[in-house]
Amino acid sequence: MAPMELILGLIALFLTITLPGYFLTLGFFPNKNEIDSIERLTFSLVFSISFLPALVLIENQLLGIPIDFASSIATLLLIIIIGLFTWMVRTQKISVPNILYYIMPKIEKKDAVDLFFFSVFKNKK
């Protein structure tokens, strides 16, 4: 195996293990003061390691979707989109009907967690 393939594989593994869980933690804990960065990282790992395989298995068993690369990536993107949408609704970044706020309580924009890559770029200015 070439070193470049190994490096790309490790990057893909790291992103698969952290990224879906990170967006789910944004949806579950959008307030800055709820959890700190170490807890957010821990929850990211736990959520990714538990939700992604469970969802792929449910898709396979109940819907008959075969477990392959495409279905796994689609499930990974689905988890990311759900977490991002929940975060955007709760932090009032997008407008939705008020009935949805009974399910997902909103928080003030000033108290919301910034997305990681936005906060990195914001600090460099």
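When every residue of region 52-67 is checked against the conditions, none turns out to be closer than 17 Å to LEU115 by Cα and either assigned to a strand (DSSP E or B) or without any contact (Cβ under 8 Å) to a residue 24 or more places away in the chain (or both).
Residue count for region 75-92 under the criterion of being of a type in the set (Val, Ile, Thr), in a helix (DSSP H, G or I) and either under 9 Å from the mean Cα position of the chain (by Cα) or more than 19 Å from LEU52 (Cα to Cα) (or both): the result is 5.
Restricting attention to region 17-46, the residues being at pLDDT below 90, in a helix (DSSP H, G or I) and among the polar types (S, T, N, Q) number 1. Mind listing just one residue for me: the one in region 71-125 that is touching a Ser or Thr at 6+ places or on another chain (Cβ under 8 Å) and not hydrophobic (A, V, I, L, M, F, W, C) and, of those, modelled with the lowest pLDDT? Step by step, filter region 71-125, then rank; the result is LYS109. Hey, any hits in region 32-45 for a residue that's hydrophobic (A, V, I, L, M, F, W, C) and either touching a Cys at 6+ places or on another chain (Cβ under 9 Å) or farther than 16 Å from PHE14 by Cα (or both)? There is at least one residue in region 32-45 that is hydrophobic (A, V, I, L, M, F, W, C) and either touching a Cys at 6+ places or on another chain (Cβ under 9 Å) or farther than 16 Å from PHE14 by Cα (or both).
The values are calculated or read from the model by the stated rules, or taken from the named source; none is laboratory data. Computed from a predicted structure; not experimentally measured. In this analysis, Cβ positions are derived from the backbone assuming ideal geometry, glycine residues included, and neighbour counts consider all displayed protein chains.
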